[in-house]
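All of the numbers you see were taken from the coordinates with simple rules; none came from a lab. Because the structure is predicted, anything quoted here is derived from the model rather than measured. All Cβ positions, glycine included, derive from the backbone under ideal geometry; neighbour counts span all protein chains shown.
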Amino acid sequence: MSDAVWTTVHHERAALAGDLETLRPEQWTAPTACPGWDVHDVVAHLVDGAKTTRFGFVRDMVAARFDFDRQNELGIARERRADPAETLAELRAVTGLTRTPPAPLATRLVEVFVHGADIRRAVGLTGDYPPEQVAVALEFQVRTSVKMGGGRERAAGVRLVAEDTAVRIGTGPEVRGTALALLLAVSGRPVDPDELTAPQGWASIRPR
């Protein structure tokens, strides 16, 4: 599985870097679904995540007084360059890295898919995401608590049906859509109502 994960991660990083080449200067400051982060911030976060080792993660957590949000902010400050083109160059430079913090490897898929979508949706772009690998990320998120960055509580009481894969998760009223739309929803990202078919009032559907 690890080879497939890293192949996908490297492809997604490179594809995102290619898309970022098309951005106008003002698009780098577009707000994303990550509260308080613009496109440039999310790109810097991806660079930081790609560089992070197990030891580096522990070191940074100590420096952030074991506050995940503060750790993320410190990483963004470290990797965000004054010129977005330089941050983009950093993303290209880390495309092939296989470093990871002390977390399951599936988190690398969650990161590139969810943050890739955060960036693209903020500037009106779409990505070509591999459904089977997105489904791996979805299954991981549903097993992981919100407190740990997952979406288990958001998926409670419904059956997730990924229409572009064979994945079926949970029991209850069906929530149907692409694996990506389901992944974004359980990860706390806004999705348009027409992206999912779900019980009325399901909390994970919020218009962009």
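What the table shows:
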{"read-out": "Long-range Cα-Cα pairs in the chain (distance over 26 Å), rounded percent", "value": "32 percent"}
{"read-out": "Estimated Rh, region 131-197: Kirkwood, alpha-carbon pairs, angstrom", "value": "11.4 Å"}
{"read-out": "The chain, helix-only ellipticity at 222 nm - DSSP H runs n ≥ 4, -39,500 (n - 2.57), divided by all residues, nearest 500", "value": "-15500 deg cm²/dmol"}
{"read-out": "Point-charge dipole on Cβ atoms (K/R +1, D/E -1) for the chain, about Cα centre, debye to 20", "value": "640 debye"}
{"read-out": "Region 2-103 shape via C-alpha gyration tensor axes, a/c threshold 1.5", "value": "oblate"}
{"read-out": "Cβ-based exposure ranking for T52, T126, in which fewest neighbours within 10 Å come first", "value": "T126, T52"}
{"read-out": "Kyte-Doolittle at least -1.0, axis length at least 15 Å by Cα - qualifying DSSP helices, the chain", "value": "2-20, 39-51, 106-122, 131-143"}
{"read-out": "Mean separation of Cα contacts under 8 Å, 6 or more apart, over the residue count of region 62-208: relative contact order %", "value": "14 percent"}
{"read-out": "Diffusion constant of region 71-125 at 10 °C, which comes from Stokes-Einstein with the Kirkwood Cα-pair radius and 1.306 mPa s, µm²/s", "value": "123 µm²/s"}
{"read-out": "Likely footprinting exposure, F140, F55, fewest C-beta neighbours within 10 Å first", "value": "F55, F140"}
{"read-out": "Calculated FRET efficiency for the pair R168/S2, C-beta based, R₀ 25 Å, to 0.05", "value": "0.50"}
